[in-house]
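Here the structure comes first, spelled out in structure tokens, and everything after it is commentary.
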Amino acid sequence: MAEFKAISLEEFESLGSEPPSVSSPAVSSGTRVSAVLPGTEKSKSPFTQDQRKDAMFAVRMKNALEEMERLEDSGFDPRNFQESVIIERAPFVPDIAENFLLSPQYQLYKRAMNDFAMAQLRKDTGAVINDSEMDWMRTSIQPLPGDSPEVVKAKRRARRELLLAMKGSAGSAYDAAI
């Protein structure tokens with residue numbers, strides 16, 4: 001069986017183009033020579049597959065949360081009646097026309113909320129996310145028309161807690177992912 005020994009780039013270059021001889025100081029009998037440049041070594045991830053997945057979910061959730069909070073902090077209110085009730089939930093507005101009637105802020109908020117919810121649900125279910133799960137998640141964490149200011153704050157806090165839990169589940173893999 002061949003023996004492997006790490007040698008420096010200088011030792012490798014000193015071998016020349018001829019097959020290495022046993023008399024070479026860097027090579028002993030039965031040793032195969034190949035170059036492994038610094039930083040190209042194979043390495044095994046110190047994280048489990050679940051930690052790597054959770055880190056990916058946590059990064060998605062973090063980015064979505066930052067987008068939602070940026071919009072909320074700029075004065076956007078996702079509870080606004082026109083967009084959240086009349087346009088999105090009204091049966092008389094055709095689906096194809098719905099997006100044209102939504103403000104850019106509402107579209108961004110909705111996209112971020114969907115991304116946040118899907119990352120959490122994918123972790124929870126590990127499978128296809130059905131509409132009822134998505135609806136349940138949205139009512140749990142998205143401000144809706146009729147929610148009091150206290151409920152809006154509680155939902156914002158709940159989103160942050162979900163992100164913290166996901167980061168905790170990912171462990172150091174989260175820090176490596178960002």
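The values are calculated or read from the model by the stated rules, or taken from the named source; none is laboratory data. Note that the structure is a prediction, hence the values are computed from the model and not measured. All Cβ positions, glycine included, derive from the backbone under ideal geometry; neighbour counts span all protein chains shown. We work out accessible area using only protein heavy atoms, side chains counted, and drop any ligands, DNA or RNA first. Shrake-Rupley method; radii C 1.70, N 1.55, O 1.52, S 1.80 Å.
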Tally of residues being outside any helix (DSSP H, G or I) and closer than 21 Å to Phe81 by Cβ across region 139-178: 7
Pro78 is checked against (1) at pLDDT below 95; (2) out of contact with any helix residue (DSSP H, G or I) (no Cβ under 6 Å at 6 or more places or on another chain); (3) surrounded by 15 or more Cβ atoms within 10 Å (Cβ to Cβ) and fails just one. What number does that condition carry? (2)
Among the residues of region 81-97, what is the count of those that are in contact (Cβ under 8 Å) with a residue 60 or more places away in the chain and either β-branched (Val, Ile, Thr) or surrounded by 14 or more Cβ atoms within 10 Å (Cβ to Cβ) (or both)? 2
Conditions (1) without any contact (Cβ under 8 Å) to a residue 60 or more places away in the chain; (2) open to solvent by 40 Å² or more (accessible area, probe 1.4 Å); (3) out of contact with any Leu (no Cβ under 7 Å at 6 or more places or on another chain); (4) assigned to a helix (DSSP H, G or I); number of the one not met by Tyr106: (2)
If we ask which residues in region 40-91 are closer than 30 Å to Gly126 by Cβ and not in a helix (DSSP H, G or I), their number turns out to be 10
So Asp115 ticks every box in (1) surrounded by fewer than 16 Cβ atoms within 10 Å (Cβ to Cβ); (2) modelled with pLDDT of 90 or more; (3) assigned to a helix (DSSP H, G or I) but one. Which box is left unticked? (1)
Failed criterion for Trp136 (all others in (1) out of contact with any Pro (no Cβ under 8 Å at 6 or more places or on another chain); (2) farther than 21 Å from Ala55 by Cα; (3) not in a helix (DSSP H, G or I) hold): (3)
Of (1) within 14 Å of Lys53 (Cβ to Cβ); (2) outside any helix (DSSP H, G or I); (3) open to solvent by less than 40 Å² (accessible area, probe 1.4 Å), Ala127 satisfies every one except (3)
Cβ-Cβ under 7 Å, sequence separation 6+ or interchain: first residue in region 127-149 and in contact (Cβ under 8 Å) with a residue 60 or more places away in the chain, partner open to solvent by 70 Å² or more (accessible area, probe 1.4 Å). Which pairs? Pro145/Phe81
From the residues in region 146-162 that are open to solvent by less than 50 Å² (accessible area, probe 1.4 Å) and of a type outside the set (D, E, K, R), which one is nearest to Asp77 (Cα to Cα)? Val152
Selected residue (only one of Ala173, Ala165 is more than 18 Å from Tyr106 (Cα to Cα), in contact with a Lys or Arg (Cβ under 7 Å, 6 or more places away or on another chain) and either at pLDDT below 95 or open to solvent by 60 Å² or more (accessible area, probe 1.4 Å) (or both)): Ala173
